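Just below is one structure, and these are the notes that go with it.
The values are calculated or read from the model by the stated rules, or taken from the named source; none is laboratory data. Quick caveat: nothing in here was measured; it's all calculated off a predicted structure. We place every Cβ from the backbone using ideal geometry, glycine too, and count neighbours over all the protein chains shown.
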Amino acid sequence: MSEPGGFSESFELTDVDRFTTGTVGEPGRRVFYLQATSGSTVVSVKCEKQQVAGLAEFLAGVLADLPPITDPPPAPELVEPVMAAWTAGTMAIGYDESADRIELRVEERIDTEGEETGDEGEATGARLHLSLTRAQVAAYIARAGQVVEAGRPPCGLCGHPKGPDHSCPRTNGHRPPA
């Protein structure tokens, strides 16, 4: 949440104990989070399902180019209660070869309408910087797959999530498929 004055807090966690993803709520109404802990600091950032899946896919590609993980730890659950610091916008990934760490930077999504802007004409927001081990990244990838797949099953015709509000475009307005 924003601090007084409209600014959100930034976080720099170079000694991450846990890095995970998870949801709060029922399928169809889930809210997705990225979460990292370092000591007593717990940072949760609200994000979209596509961001969780896309980050996992990209990180899997990064790990494929590095020495394999022999025994990744189990995928951790979210630390509750989940309190979002802010909502994720853009993400960037790098690899620090000397430290054998994957660097993840997440920037806060900012609505630029009516906001003050920085020097480049873009709104400035909070940032989260994490320095992650390959094992933590492998655990995140496994957990992200579980979280994304745990949602509503896809429609067999269009691939969109099934549910009471699903109107399959492939049925052209007729009765939904059984």
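Figures for the structure shown
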read-out	value
Residue that is surrounded by the fewest Cβ atoms within 10 Å (Cβ to Cβ), among those in region 84-96 that are among the aliphatic types (A, V, I, L, M) and under 16 Å from A60 (Cα atoms)	A92
Tally, over region 13-46, of residues that are part of a strand (DSSP E or B) and not hydrophobic (A, V, I, L, M, F, W, C)	12
Filter result (within 16 Å of G89 (Cβ to Cβ) and under 10 Å from the mean Cα position of the chain (by Cα)) within region 1-42	F32, Y33, L34
Residues being more than 15 Å from T21 (Cβ to Cβ), outside any loop (DSSP other than H, G, I, E, B) and either among the basic types (K, R) or touching a residue at least 24 places away in the same chain (Cβ under 8 Å) (or both) - total across region 48-84	2
Condition met for T87 (part of a strand (DSSP E or B) and β-branched (V, I, T))	yes
Cβ-Cβ under 8 Å pairs, at least 6 apart or on other chains, region 138-164 side closer than 29 Å to L66 by Cα and at pLDDT 85 or above, far side of a type in the set (S, T, N, Q) and buried (at least 19 other Cβ atoms within 10 Å of the Cβ)	A139/T20; Y140/T20; Y140/T21; R143/T20; R143/T21; A144/T21; V147/T21; V147/T23
Some residue of region 2-13 being more than 21 Å from E149 (Cα to Cα), among the small types (G, A, S), modelled with pLDDT under 95 and touching a strand residue (DSSP E or B) at 6+ places or on another chain (Cβ under 8 Å)	yes
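Rundown of residues vs (1) within 15 Å of V137 (Cα to Cα); (2) in contact with a helix residue (DSSP H, G or I) (Cβ under 6 Å, 6 or more places away or on another chain); (3) modelled with pLDDT under 95, yes/no style:
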{"site": "Q35", "(1), (2), (3)": "yes, no, no"}
{"site": "V52", "(1), (2), (3)": "yes, yes, no"}
{"site": "A56", "(1), (2), (3)": "yes, yes, no"}
{"site": "W86", "(1), (2), (3)": "no, no, no"}
{"site": "G89", "(1), (2), (3)": "no, no, no"}
{"site": "A92", "(1), (2), (3)": "yes, no, no"}
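Yes or no, residue by residue, for (1) surrounded by 14 or more Cβ atoms within 10 Å (Cβ to Cβ); (2) among the hydrophobic types (A, V, I, L, M, F, W, C); (3) more than 15 Å from the chain's Cα centre (by Cα):
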{"residue": "S44", "(1), (2), (3)": "yes, no, no"}
{"residue": "C47", "(1), (2), (3)": "yes, yes, no"}
{"residue": "A53", "(1), (2), (3)": "yes, yes, no"}
{"residue": "P74", "(1), (2), (3)": "no, no, yes"}
{"residue": "L78", "(1), (2), (3)": "yes, yes, no"}
{"residue": "V82", "(1), (2), (3)": "yes, yes, no"}
{"residue": "S98", "(1), (2), (3)": "no, no, yes"}
{"residue": "L104", "(1), (2), (3)": "yes, yes, no"}
{"residue": "R109", "(1), (2), (3)": "yes, no, no"}
